[in-house]
Amino acid sequence: KVHANEVMLLTTDHVVADADGTFLTRCVNGKGFRENIPVIYEELKNTDPDLLSPLTLAFIGDTVFDLLVRGNLVMQANRPVGKLHPLAAKRVCAAAQARAAQVIAPALTEHEADIYRRGRNAHTGRVPKSASSAEYHSATGLEALFGWLYLSGQDKRIEELFEHISNAEKADEVK
């Protein structure tokens with residue numbers, strides 16, 4: 001077990017962990033972040049998402065959804081970051097994610113709907129001022145679903161659902 005702020009060296013590999021021994025970062029054979037993404041990704045993929053709490057799934061799903069939104073915006077046009085950030089924030093806020101959850105609800109399998117409900121019904125302990133409680137809980141459900149899909153290795157399904165959301169957003173822009 002590794003203690004806080006200690007580094008355990010194994011030849012050229014090392015693991016950094018927090019006080020309870022939780023794995024935080026790994027540097028393999030002196031390689032940096034980009035080279036280690038596949039290592040970290042594979043370790044995450046070996047996690048059984050059905051054993052994780054809905055808020056842990058939402059923690060991962062928040063990043064997955066944010067990366068999809070940001071990637072989508074960058075692929076649309078080369079814009080100044082000052083314009084990209086507000087566009088991304090508008091699409092990842094609780095209200096927008098709650099609308100996205102409504103869009104994909106009819107397309108969810110029974111198990112996906114269960115994951116969404118677990119996330120939506122999780123006790124978050126707080127609601128931001130910028131969202132209603134219902135919006136925030138719905139957004140948490142969406143994030144939990146995207147986290148579960150990511151950790152389940154269902155990348156194609158993530159793309160399908162995100163495409164539904166993007167198409168609905170485009171239709172709303174036309175109105």
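Tabulated values for the structure
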{"quantity": "Selection count, region 118-142, where residues are over 17 Å from residue 107 (Cβ atoms) and assigned to a helix (DSSP H, G or I)", "calculated": "8"}
{"quantity": "Boolean, residue 163 is modelled with pLDDT of 90 or more, acidic (Asp, Glu) and assigned to a helix (DSSP H, G or I)", "calculated": "yes"}
{"quantity": "Subset of region 101-117 [part of a helix (DSSP H, G or I), of a type outside the set (Phe, Trp, Tyr) and either touching a Gly at 6+ places or on another chain (Cβ under 9 Å) or more than 21 Å from residue 69 (Cβ to Cβ) (or both)]", "calculated": "101, 106, 110, 111, 113, 114, 115, 117"}
{"quantity": "Count - residues of region 81-119 that are within 18 Å of residue 52 (Cα to Cα), without any contact (Cβ under 8 Å) to a residue 24 or more places away in the chain and either in contact with a His (Cβ under 9 Å, 6 or more places away or on another chain) or open to solvent by 80 Å² or more (accessible area, probe 1.4 Å) (or both)", "calculated": "1"}
{"quantity": "Condition met for residue 166 (hydroxyl-bearing (Ser, Thr, Tyr) and open to solvent by less than 40 Å² (accessible area, probe 1.4 Å))", "calculated": "yes"}
{"quantity": "One residue from 39, 74, 69, 15 being at pLDDT below 50 and aliphatic (A, V, I, L, M)", "calculated": "15"}
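The values are calculated or read from the model by the stated rules, or taken from the named source; none is laboratory data. Remember, it's a predicted structure, so these values are computed and weren't measured experimentally. Virtual Cβ from ideal backbone geometry, glycine too; neighbours counted across all protein chains shown. The accessibility values were calculated without ligands, DNA or RNA, using every heavy atom of the protein model including side chains. Shrake-Rupley method; radii C 1.70, N 1.55, O 1.52, S 1.80 Å.
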